[in-house]
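Undergrad: The structure's right below; bear with me while I get my questions together.
The values are calculated or read from the model by the stated rules, or taken from the named source; none is laboratory data. Computed from a predicted model, the values in this text were never measured in an experiment. Every residue, glycine as well, gets a Cβ built from its backbone with ideal geometry; the counts of neighbours run over all protein chains shown.
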């Protein structure tokens, strides 16, 4: 992006230019595998810490006397607000400073705050602990993506992003399956304290695996992370990706926040059964989705495809149809099966969303690009989506409407349709502005 606001495609297309004094030695073989394995574990533990309140929500709600609206606030605004405040400066530190140091400090912070959540005495203290978890996790993805951009060759970054993103569904699976079972066996407080206690070790492992990460500089770099962010958002292609990420947040956040609760209330599953059914399926489909998404994205880049985002857009259209059916079919097994396309779509899109954002942003701005994508998908949707579903569900219950949570969760398929539409629009803009995708 030059001073006139026009797009200079060279850095993004080449993938290897645009940085001054950058160390071009990439990790290969065991070094690359060790780094990706450690970053994968970071992603797993971050997701476990994030997902536990969802499967433990009914027990937390009962002991702390919370409403569905308050649960929506704790899982939404308390987490998303901190992302908005700190994700961009964390990304700036990762791009221009030491991403491995950022990752180490952040992992210690979110793990400690997860453990403190087990000591919550009411809504305020629980929300404060989740705010602290978000504070630490605000730097996890930007720092990890900055390490991938520095250490992994451009032609393999889609798969690398897929491996890292694979930690999200696996963490979701472990969080739901093990969290539900351990919560019923020992209570929600020991689960949060135990998971938080062990989480910081993965940050130390990633710190050691990454090795030295010298300071990076870009030509004509903006003076602040705010001006750099505005420069990216002024680019039509990046702005389209940003809008698509917002709609993804409205699709995914309510789904994860209330899907287990839906299975418990509507189909009479126990917390353990819901956690196993939802967690294991989400884990398996998520692992397959992120790996297939990474390979598909790399293949599209290597073949100079005109349509980088058509595949995830199609996946979201399918997910919209099947999720509507899942919310109203009376057969338990069929309802769970019809949730599977949405679970796959949320994972499949990750390498595409971040990989496309990195290519449009160019070298040296990958962390900022990831941070903006995180804010788009993790702020408005997670802040408002679960809250909207909670309010509608409470209102339906007060009005005596049967299956009120099912009607409230229609927000998910609606958002899936919007996501597909915005992805198709973003795809056209990227095809027009990036010569390498022609």
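Undergrad: Going by the structure shown, is residue 307 surrounded by fewer than 20 Cβ atoms within 10 Å (Cβ to Cβ) and touching a helix residue (DSSP H, G or I) at 6+ places or on another chain (Cβ under 8 Å)?
TA: yes
Undergrad: Please report, ordered by residue number, the helices (runs of 4 or more DSSP H) entirely within region 53-172 with at least 2 residues that are within 19 Å of residue 358 (Cβ to Cβ), in contact with a helix residue (DSSP H, G or I) (Cβ under 8 Å, 6 or more places away or on another chain) and at pLDDT below 85.
TA: It comes to 77-96, 157-165.
Undergrad: Another question, if that's okay. Of the residues 387, 411, 334, only one is at pLDDT 90 or above, closer than 22 Å to residue 81 by Cβ and more than 14 Å from the chain's Cα centre (by Cα); which?
TA: 411 is the lone residue from the list that is at pLDDT 90 or above, closer than 22 Å to residue 81 by Cβ and more than 14 Å from the chain's Cα centre (by Cα).
Undergrad: State the number of residues belonging to region 173-201 that are assigned to a helix (DSSP H, G or I) and more than 22 Å from residue 136 (Cα to Cα).
TA: Number satisfying all stated conditions: 9.
Undergrad: Same structure again: Tell me the residue from 287, 264 that is in contact with a helix residue (DSSP H, G or I) (Cβ under 8 Å, 6 or more places away or on another chain), surrounded by 16 or more Cβ atoms within 10 Å (Cβ to Cβ) and farther than 21 Å from residue 71 by Cβ, please.
TA: 287
Undergrad: For residue 378, are the conditions met, namely being under 15 Å from residue 237 (Cβ atoms), part of a helix (DSSP H, G or I) and touching a residue at least 40 places away in the same chain (Cβ under 8 Å)?
TA: no
Undergrad: Test residue 221 against the stated conditions and say whether it is at pLDDT below 85 and touching a strand residue (DSSP E or B) at 6+ places or on another chain (Cβ under 6 Å).
TA: no
Undergrad: So is residue 405 assigned to a helix (DSSP H, G or I), on the phi < 0 side of the Ramachandran plot, within 21 Å of the chain's Cα centre (by Cα) and surrounded by 20 or more Cβ atoms within 10 Å (Cβ to Cβ) or not?
TA: So residue 405 does not fit the description; no.
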